[in-house]
Amino acid sequence: MAKFYGIGTGPGDSTLVTIKAVNTIKMLDILYTPEPRKGADSLALSIVKKYLPEDLEIKSRHFPMSNDSFEKIQVWNDVSSEIVSDV
């Protein structure tokens, strides 16, 4: 059975990522990272990059940084169905 983890990256300094987050990242098969805009670099990925195993599959998905609840729900539903189909 697949598991989905939500991992916080802390306040933005990669040295402040928790040991538990790093240990969880090291056991992942796939890491999904948020993009603030389609094609934009993920701040979360840049924070944890130094802890990633070389063979880790990384998939970026657009999560809007918006106050529009409808837009966020729509994107989350789309991303959720993509993740389920990957498993």
Subset tally (residues that are open to solvent by 30 Å² or more (accessible area, probe 1.4 Å), among the aliphatic types (A, V, I, L, M), over 16 Å from residue 59 (Cβ atoms) and part of a loop (DSSP other than H, G, I, E, B)) for region 3-46: 1
Residue match in region 61-82 (condition: modelled with pLDDT of 80 or more, basic (Lys, Arg) and exposed (fewer than 12 other Cβ atoms within 10 Å of the Cβ)): no
Qualifying residue in region 33-45 (condition: modelled with pLDDT of 90 or more and in contact with a helix residue (DSSP H, G or I) (Cβ under 7 Å, 6 or more places away or on another chain)): yes
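The values are calculated or read from the model by the stated rules, or taken from the named source; none is laboratory data. Because the structure is a prediction, the values reported are computed rather than measured. Here the Cβ is made from the backbone with ideal geometry for all residues, glycine too, and neighbour counts use every protein chain on show. Please note that ligands, DNA and RNA were not included when accessible areas were found on the heavy atoms of the full protein model with its side chains. Shrake-Rupley method; radii C 1.70, N 1.55, O 1.52, S 1.80 Å.
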